[in-house]
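As structure tokens, the structure follows; a few thoughts come after it.
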Amino acid sequence: MAFLCLSVLSASAQTSDPDPVQLDKAVAYFNSGKYHEALLIFQQLDRRYKLNDRFRAYIGLCYYHEWDYKSATDYLDEVAPRLAVLAPHERSVYYFANAESHFQLQEYKPAISFYEQALTVCYDSEKGEIYYRLGLCYMFGEEWEKARDAYVLSEAFFRKHRTVTDVEARLAQVVNMRKGCQTKIDEKMTADSIARAKAVDDSLRAIAATVPLDSVITEKPTDTISSKPIVTTPIIDEKKKTPVPPIDDKPAKQKKKQEDVAPINLEDLYKEKVKVEE
């Protein structure tokens, strides 16, 4: 009862303060990490006056620290396009909180977008952690090459801009994640190679199935020299209309050639005067 009475009195005292004082209190609560107390005052003032974009971003951060990620994204998504007038690092805080809220809601595509915006305005010492978060988003989307590249950059920024002992555990996670992504990439490349080989084989089989069997040469033809038969046309005697033997100017050579080629002696045939009918 005593605690309840004190709370009521405190609330009544707060509402009795002028609005500028209330706003100062809300900012003081926010800067000291008392996000719930700050959120209560910010909400009252926002309902009454519709606070400017910076204070509405504060409300989004309060919801983020209160683990109300849906409400955080509702506020931060709305004001994010209008925060360009603020200092770069201040914007990086809002972008990162919004990205983290979307990540917790398993909304990886907008989370990636806000992580990338945070990278453009954050300190180099903070980029290692942001690239680590990007790697997680890409892994959940099974984009293994992008995830591996993000982890490579995360490790590089951790080693260059942070003391290794301060981020030793995170570095171990980054290295293991990178190796895991590379394993997935190798498995995918192997599977793709097998799939391509199977596709080529299936294509060749389909082409072969369309070729008629009777058009396929099953035996290798022997190498032969085509030759035309030598036809000897005898000289025809115009008066008798009978063939006459050809004039042989080298009878000895011709006779030897005939003996070597065939057992038939053409000279003996002509001596017997065999008539050749047409």
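Quick notes on this structure:
- Listed by first and then second residue, the pairs linking a residue in the range 27-51 that is among the hydroxyl-bearing types (Ser, Thr, Tyr) to a residue that is surrounded by 15 or more Cβ atoms within 10 Å (Cβ to Cβ) and assigned to a helix (DSSP H, G or I), with Cβ atoms under 6 Å apart and 6 or more places separating them unless they lie on different chains, are TYR29/GLU37; TYR29/ALA38; TYR35/CYS62; TYR35/HIS65.
- Within the range 203-214, one or more residues are over 15 Å from TYR132 (Cα atoms), at pLDDT below 90, open to solvent by 70 Å² or more (accessible area, probe 1.4 Å) and charged (D, E, K, R).
- Looking only at the range 16-36, residues that are in a helix (DSSP H, G or I), closer than 16 Å to HIS65 by Cβ and open to solvent by less than 80 Å² (accessible area, probe 1.4 Å) come to 6 in all.
- The range 175-196 - residue that is among the hydrophobic types (A, V, I, L, M, F, W, C) and open to solvent by 100 Å² or more (accessible area, probe 1.4 Å) and, of those, nearest to ALA150 (Cα to Cα): MET189
- Taking every residue in the range 165-191 that is within 12 Å of GLY135 (Cα to Cα) and pairing it with any residue that is basic (Lys, Arg) and surrounded by 14 or more Cβ atoms within 10 Å (Cβ to Cβ), at least 6 positions away or on another chain, the pairs with Cβ-Cβ distances below 6 Å are ARG178/ARG148; CYS181/ARG148.
- Of the listed requirements (1) in contact (Cβ under 8 Å) with a residue 40 or more places away in the chain; (2) closer than 9 Å to CYS181 by Cβ, ALA147 misses just one: (1).
- Meets criteria (surrounded by fewer than 19 Cβ atoms within 10 Å (Cβ to Cβ), in contact with a helix residue (DSSP H, G or I) (Cβ under 9 Å, 6 or more places away or on another chain) and not polar (S, T, N, Q)) for ALA199: no
- For the range 55-112, the tally of residues that are more than 19 Å from PHE140 (Cα to Cα), open to solvent by 20 Å² or more (accessible area, probe 1.4 Å), of a type in the set (A, V, I, L, M, F, W, C) and touching a Phe, Trp or Tyr at 6+ places or on another chain (Cβ under 9 Å) stands at 2.
- Filtered residues of the range 41-54 (kept if open to solvent by 80 Å² or more (accessible area, probe 1.4 Å) and outside any loop (DSSP other than H, G, I, E, B)): ARG47, ARG48, TYR49, ARG54
- Taken over the range 43-62, the criterion of being aromatic (Phe, Trp, Tyr) and farther than 14 Å from TYR95 by Cα is satisfied by TYR49, PHE55.
- Of all the numbered requirements in (1) closer than 25 Å to ALA84 by Cα; (2) in contact (Cβ under 8 Å) with a residue 24 or more places away in the chain, GLU116 misses one, and that requirement is (2).
The values are calculated or read from the model by the stated rules, or taken from the named source; none is laboratory data. Note that the coordinates shown come from a computational prediction; the quantities given were computed from them, not determined experimentally. Reconstructed Cβ throughout: ideal geometry from the backbone, glycine too, with neighbour counts over all protein chains shown. Accessible surface areas use protein heavy atoms only, side chains included; no ligands, DNA or RNA. Shrake-Rupley method; radii C 1.70, N 1.55, O 1.52, S 1.80 Å.
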